[in-house]
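Values quoted throughout were computed directly from the atomic coordinates according to the rules given, and no laboratory measurement underlies them. This structure is a prediction, so every number in the text was calculated from the model and none was measured. Don't worry about glycine lacking a Cβ; one is built from the backbone with ideal geometry, like all the others, and counts go over all protein chains shown.
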């Protein structure tokens, strides 16, 4: 599944960069994230998250790794998680540019692959639920950065 979007955040690019490259701050905005542990600063972390797709629920534990960090312009991250009978892989990129009136334009993409029971049981629910969770995430990011 491929997702992409753009959003404008009322804050300077450096502030947006520092927030979005901090796994703890990002986790605080992501629905279902239970814990984050930094393994190697600015490189690797572990996370646990619970995801619900309709009546199907899964608790994923996984690893994240920054593949590219070009402060304060762009970042690329990959993640892999496992849940009982399922697995998920994601590669996500973001690019930041100066917007009007001191704002920051954020352009992002995410390519997600879900395998196993979760994929077969909740396939038709995945796109709308993912879009809903993504909107919740970016609303929370904006709320926390734009203070």
List the relative contact order of segment 77-122 as a percent without decimals, with contacts defined as Cα pairs under 8 Å and 6+ residues apart. 37 percent
Give me the extension gain from residue 65 to residue 50: residue separation times 0.36 nm, minus the current Cα-Cα distance, reported in nm with one decimal. 3.4 nm
Between (1) 39, 37, 24; (2) 63, 32, 24; (3) 47, 32, 23, the structure-derived Cα extents along the principal axes in Å is (3)
Length gained, residue 139-residue 112, 0.36 nm per residue minus C-alpha separation, equals 7.6 nm
With an 8 Å Cα cut-off and a minimum separation of 6 or more residues, compute the relative contact order for segment 2-145 in percent. 27 percent
Compare the peptides 58-66, 139-147 by average per-residue count of other Cβ atoms within 10 angstrom and give them in order, highest first. 58-66, 139-147
Calculated from DSSP H runs of 4 or more alone, at -39500 (n - 2.57) each and per residue, what is the 222 nm mean residue ellipticity of the chain, nearest 500? -8500 deg cm²/dmol
